[in-house]
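Read-outs: derived from the displayed coordinates by stated rules, not from any lab. Because the structure is a prediction, the values reported are computed rather than measured. Here Cβ is always computed from backbone atoms with ideal geometry, including for glycine, and neighbour counts include all displayed protein chains.
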Amino acid sequence: MNNYSDKTMTCRDCGDTFTFSAGEQEFYASKGLLNEPRRCTNCRATRRSGGGESYGMGGEGRSNREMFDVICDDCGKDTKVPFMPRGDRPVYCSDCFAKTRSN
C-alpha cells in the first residue's frame with residue numbers, strides 16, 4: 001500500500017500555492033490518473049465552467065472565440081459560426097445544423 005503525504009504545489013494559472021492532499025493523491029491513484037493537478041481548486045472550477053483557458057483554443061476561452069458572420073445555406077438566416085468558412089462546404093445555422101445531424 002502506498003503512503004501518501006500532503007504536497008504543496010503552485011497553481012499554473014494564478015500562481016497561488018495549494019495543497020494536493022494525501023486523500024486526493026490516493027483518489028487520483030485509484031482512478032488511474034498519473035498526472036498531478038496543476039491548478040488550485042478555484043482555477044480548476046473556473047476552467048470547468050468555461051471561464052478559463054480551453055484546450056485547443058490558443059489560450060482563449062470559448063466565450064472569447066472569434067465568430068464569423070454567414071448566411072445559412074439551408075434557411076437563409078443570418079448567423080455566426082466559430083470557424084472561417086472556406087466556401088467548399090455548406091454552412092448552417094445552429095437549427096439547420098441540428099436537423100442535418102439528426103438525419
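Here are the numbers for this structure:
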| read-out | value |
| --- | --- |
| Net charge, Cys93 excluded, C-beta distance under 12 Å - Lys, Arg +1, Asp, Glu -1 | -2 |
| FRET efficiency estimate (nearest 0.05) - Cβ-Cβ, Asp16 to Ser102, R0 35 angstrom | 0.15 |
| Contact order relative to length of the chain, as percent, for alpha carbon pairs under 8 angstrom and 6 or more apart | 14 |
| (i) 44; (ii) 72; (iii) 60, with the label sought being that of the calculated percent of Cα pairs over 20 Å apart | (iii) |
